[in-house]
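To start, the structure itself, in structure tokens.
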Amino acid sequence: MKKYLAEFIGTAVLVLVACGVAAVTGCSGKPDASYILTALAFGLTIVAMAYSIGNISGCHINPAVSMGVFLNKGMSGKDFAGYVIAQFAGAIAGAGVLMYLIGTDMGLGANGLYQDSIAKTMVVEIILTGIFVLAILGVTSKVENANVAGLVIGGSLTLVHLFGIYFTGTSVNPARSFGPALLLGGDALTNVWVFIVSGFIGGALAAIIWKCLNCDKDCDCCK
């Protein structure tokens, strides 16, 4: 249960702090200070959580990451389900605290469709989620990377936000999108399935790519 509690707390902090920065700075995808601050907020929150709860749960705080780890046989089906439930619950809790503090007029850092296109939005989110999860699978694959893993993961999340905020506000995390959307309702809730589906697809693709890049020449994916 400690692992699930850690994932709940970590995801709640991510939504409260990082989505909070996006909301209070008015981040809208325009090339201004709020854009950079939001990207940094997501990356730095991951760094803080990685060195806080990483030794307890691995600090996934993202169902897409858990999907990638699960498909690479890094966790059991039971833990995968427990992590995902805890992450979604944490995101709702974090969004709830944020809504209590600032209301809903500033949007709670919710994601939005790019040019009202589901297809374009999914392309952006699947690619960025794949990049992010692939970086995580790579840096956590060697024990000697443990001391720097949090920095690499946080830097990778900052990177995908620097590119993706313009298009979708950057999700790469189904739970992060769901919490604010649930409390905002309206179009945010109607369209949140796009970010949930894209996140899981991106995480799964990253797991497949990682497996193929690191398999033996006689394995199934190389035949």
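Taken together, the values in this text are just the output of simple stated rules run on the coordinates, not laboratory data. It should be emphasised that the depicted structure is a prediction, and the values quoted were computed from it without experimental measurement. A quick note on method: Cβ atoms are made from the backbone with ideal geometry, for glycine too, and the neighbour counts reach across all protein chains shown.
Simple point charges give the picture: +1 on the Cβ of Lys and Arg, -1 on the Cβ of Asp and Glu, and for region 2-222 a dipole about the Cα centre of about 300 debye. If you run the Gaussian network model on the chain, springs between alpha carbon atoms under 10 Å, then out of Leu113, Leu151, Leu101 the most flexible one is Leu101. Considering helices alone, the calculated mean residue ellipticity of the chain at 222 nm is -24000 deg cm²/dmol, with DSSP H runs of length four and up weighted by -39500 (n - 2.57) and normalised per residue.
Once the chain is represented by equal point scatterers at the alpha-carbon sites, with solvent omitted, what log10 I(q)/I(0) does the Debye formula produce at q = 0.11 Å⁻¹? The calculated log intensity ratios at q = 0.11 Å⁻¹ are -0.48. What does the charge count near Ala91 come to, summing +1 for each Lys or Arg and -1 for each Asp or Glu among other residues with Cβ under 13 Å from its Cβ? Spelling it out: positives minus negatives among the neighbours equals 0. Normalised by the number of residues in the chain, the average gap of Cα pairs under 8 Å and 6 or more apart makes the relative contact order 30 percent. Reducing region 7-53 and region 156-214 to their Cα centroids gives an inter-centroid distance of 14 Å.
Between Lys78 and Lys2, the modelled label-to-label distance comes to 1.7 nm, taking each label 7 Å out from Cα in the direction of the beta carbon.
In region 1-109, Cα pairs under 8 Å separated by at least six residues give a relative contact order of 46 percent.
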